[in-house]
Amino acid sequence: MTGTVMEAILLKNGRIIDPSSDIDLAGDLLIEDRRIADIGPGLKGPEHAQLVDLNNKWVVPGLIDMHVHLREPGQEYKETIETGTRAAAAGGFTKVACMPNTSPPNDNEGITRFILDKAREAGNCQVLPVAAVSTGQKGRGLTEFFDLLNAGAVAFSDDGVPVRKASVMRLALEYALNFDALIISHAEEPDLSAQGCMNEGITSTRLGLRGIPNAAEDVAVFRDCCLAELTGARLHIAHVSTKGAVEIIRRAKEKGVKVTAETAPHYFSLTEEAVEDYNTLAKMNPPLRTEEDRRAIIEGLRDGTIDAIATDHAPHESLSKECEFALAANGIIGLETALPLALKVLLREEGFSPLEIARLMSQNPASILKVEGGSLEKGKRADVTVIDSELPFTLDRDSLFSKSFNSPFLGQSFRGRAILTIMEGKVTFDLLGLLREG
Ligand SMILES: [Zn+2]
């Protein structure tokens, strides 16, 4: 059963994976009064506790996705806060940060409060609003950072579009410094990417499609790293897709610039070959790149240059994908495939440890956004995800909770997914009906 707050839940015989304390041990976890009450071997909960034998399934801190598009307000035919957060819970997420490019954009307290109210009402997943950097995301006047932070915004970004002028980005970083606020950069130089619809290279030439060169991303990442160095403010680079961007961020970090970065599962899973046959389901911005870029992204995740995995969940109704490639909308849904892809590529193909995956999908996003989470320590709010790393399943339309199903992974078989999601002690997803009354 889902949606019910249980006073006590005792997860027995799990593999407890807590990146905040570097723990990966067999044991139990007790949740009481919405908090983690105890952790360790051979726990005995109170008599009324709901007991689940996990048989060595992973127990990790609730996953956190720092980059989603929930489409509400304004585009409820693509997704709503209710459906998007249900998809999040099904993907194992207990917190998601939503980008401001709604209609109207989240550039004022009213919209920020509206998002938070809707999310609370839905109760599936905590939503952390990212407010716009500039009014109307037009790249001119800055929004009221102070008011937006008070209303509950966790960061600022014009994501969907880049902050076009370097002077405006500089001002935003200087303004953010007053509040130690985070600026998230959608790093794209529109003079180079204009009208492009896929990666620029041999494949785009063969398909006869206008390309977007890696340089469109690299130039923008470099600009924003320079501005972060100049101002001393905290910068986060969204959806890193190129080898060059990884190298620039690595160098900036070595110099002590306060920069962090995320990539999306599709950039470590797919290459531009996915758009052969003009498959609009693999069209996104930044575009899928080459195998060389994919390798660099994986190495960036391995050495800590890239701090986080974020989905860039971008739901679209079918019509906006069922059209000519160049005209199709950008983006894919990601909340329900992020963890399965991380298990497939990072865990099984690349040898990442479960702890590393928990760090990339929970601990690091929490610390970048400065929110509670990413930890299973005693006393913390009980945001907990149980993962069956071996459970086979096929991704089909009917099984998706998202309102849209624009995914290039439809019909594919996976091994491993979230089976139980608990947000602040409340069961928000229970695939196998592990928790029953009585
Ligand atoms: Zn973006």
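Only the coordinates and a few stated rules stand behind these numbers; no lab work does. In this text, all values refer to a predicted model and were calculated from it rather than measured experimentally. Using ideal geometry, Cβ is built from the backbone for each residue, glycine included, and neighbour counts are taken over all protein chains shown.
Quick notes
- Residue-averaged [θ]222 nm for the chain, counting only DSSP H segments that reach four residues, each worth -39500 (n - 2.57): -7500 deg cm²/dmol
- Nearby lysines by direct alpha-carbon distance to residue 253 (threshold 27 angstrom, same-chain neighbours under 8 apart not counted): 95, 165, 243, 370
- Furthest towards positive pole of dipole, 182, 325, 85, structure part region 62-369, Cβ charges: 182
- Distance distribution P(r), region 267-394, all Cα-Cα pairs, bin width 10 angstrom from 0: 11, 36, 34, 16, 3, 0 percent.
- Expressed as a fraction of 2.2 N^0.38 Å, the value expected for a compact globular protein of N residues, the C-alpha radius of gyration of the chain is 0.94.
- Counting other Cβ atoms within 10 Å as a rough exposure proxy, the listed residues 403, 95 run 403, 95 from fewest neighbours to most.
- Straight-line reach from residue 321: taking Cα to Cα under 16 Å and skipping same-chain neighbours fewer than 8 places apart, the lysines in range are 78, 283, 403.
- Of 185, 241, 353, the residue with the greatest mean-square motion in the GNM of the chain, using alpha carbon springs below 10 Å, is 353.
- Residue (of 172, 338, 220) at the positive-pole extreme of the chain, dipole from beta-carbon charges: 172
- The value given for region 280-349 is a Kirkwood hydrodynamic radius of 13.6 Å, derived from the mean inverse Cα-Cα separation.
- In this Cβ point-charge picture (+1 for Lys and Arg, -1 for Asp and Glu), the chain has a dipole of about 300 debye about its Cα centre.
- DSSP bridge pairs, region 62-369: antiparallel proportion in percent, nearest 5: 5 percent
- Relative exposure of 294, 71, judged by other C-beta atoms within 10 Å (fewest first): 294, 71
- GNM result for the chain, Cα springs below 10 Å: residue of 24, 303, 33 fluctuating most strongly: 303
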